[in-house]
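Here's the structure we're looking at; comments come further down.
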Amino acid sequence: MKILVVYATTEGQTRRIARFVAGRLADRGHGAELLPVSDAEEIDWAGVDAAVLAGSLHMGRVQADLAAFAAEHAAALTARPTLFLQVSLAAAGTDPEEHAEIERIAEDFCAAAGWRPGRIVQVAGAFRFTQYDFFRRWAMRHIAAQKGEEVDPGQDREYTDWEALAALFDAWPEDSG
Ligand SMILES: Cc1cc2nc3c(=O)[nH]c(=O)nc-3n(C[C@H](O)[C@H](O)[C@H](O)COP(=O)(O)O)c2cc1C
């Protein structure tokens, strides 16, 4: 199958995740095309069998350019097996309220675009202190402290569960019915 993997990233973790997903699909013989959303202008949907959209949360929002892409291509997306990967740090935690909140954000993102994905999957992202500017470093230390986590601002920390992602994309899209 030809499968598009379109992603938006701010600090790079969703690019890693999208690359991993495209690689996993390609390993199984699919024609996986990895596209940063900024390059995803002209899509010939006739040759596309399925699509993955991936974006990350910043201040409770997914990247606006991914929202615009989903809205522009909502009909083509809804007509195929599609999956939305929403990357966040809340997904790494165990707070049920935060989990409910990120579920709601993802559902609102899709509804606002008029896109009905076959599946929404929450993926844990990363702290990327080495790439944050002063404001982000400060904000993320504050968030970590609120959760009672000690973070070393000199060090990145990755929470993404690569094994779970691999298992997901060893079955999708064949299991999407
Ligand atoms: C300024 C800033 C704001 C963030 N806001 C949220 C948020 O509202 N909720 C959340 O769960 N994670 C939040 N995060 C964590 C990111 O979603 C996480 O670091 C993710 O891995 C970023 O993905 P990216 O590298 O693809 O941009 C925030 C991160 C930064 C730097």
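The values are calculated or read from the model by the stated rules, or taken from the named source; none is laboratory data. Please read these numbers as outputs of a predicted model, since none were measured by experiment. Using ideal geometry, Cβ is built from the backbone for each residue, glycine included, and neighbour counts are taken over all protein chains shown.
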| note | The residue from ASP95, ASP65 that alone is within 16 Å of the ligand (Cβ to nearest atom), within 15 Å of the chain's Cα centre (by Cα) and surrounded by fewer than 17 Cβ atoms within 10 Å (Cβ to Cβ) is ASP65
| field | Set ARG80, ARG119: member being more than 12 Å from the ligand (Cβ to nearest atom), within 15 Å of the chain's Cα centre (by Cα) and either closer than 20 Å to GLY55 by Cβ or not basic (Lys, Arg) (or both) | value | ARG119
| Selected residue [loosely packed, with under 15 Cβ neighbours inside 10 Å, small (Gly, Ala, Ser) and near the ligand (Cβ under 8 Å from one of its atoms)] from ALA111, ALA139 | ALA139
| field | Test for ALA22: is it at pLDDT 95 or above, assigned to a strand (DSSP E or B) and small (Gly, Ala, Ser) | value | no
| query | How many residues are in a helix (DSSP H, G or I) and either modelled with pLDDT of 95 or more or under 28 Å from PHE135 (Cβ atoms) (or both) when one looks only at segment 47-76? | reply | 12
| What residue, of GLU163, GLU158, is exposed (fewer than 14 other Cβ atoms within 10 Å of the Cβ) and more than 16 Å from HIS58 (Cβ to Cβ)? | GLU163
| task | Look through segment 47-62, keep the residues that are out of contact with any helix residue (DSSP H, G or I) (no Cβ under 7 Å at 6 or more places or on another chain) and not aliphatic (A, V, I, L, M), and return whichever of them is nearest to ARG19 (Cα to Cα). | result | ASP49
| Mind checking which residues of segment 1-58 are surrounded by fewer than 17 Cβ atoms within 10 Å (Cβ to Cβ), away from the ligand (no atom under 16 Å from the Cβ) and closer than 16 Å to THR160 by Cβ? | GLY23
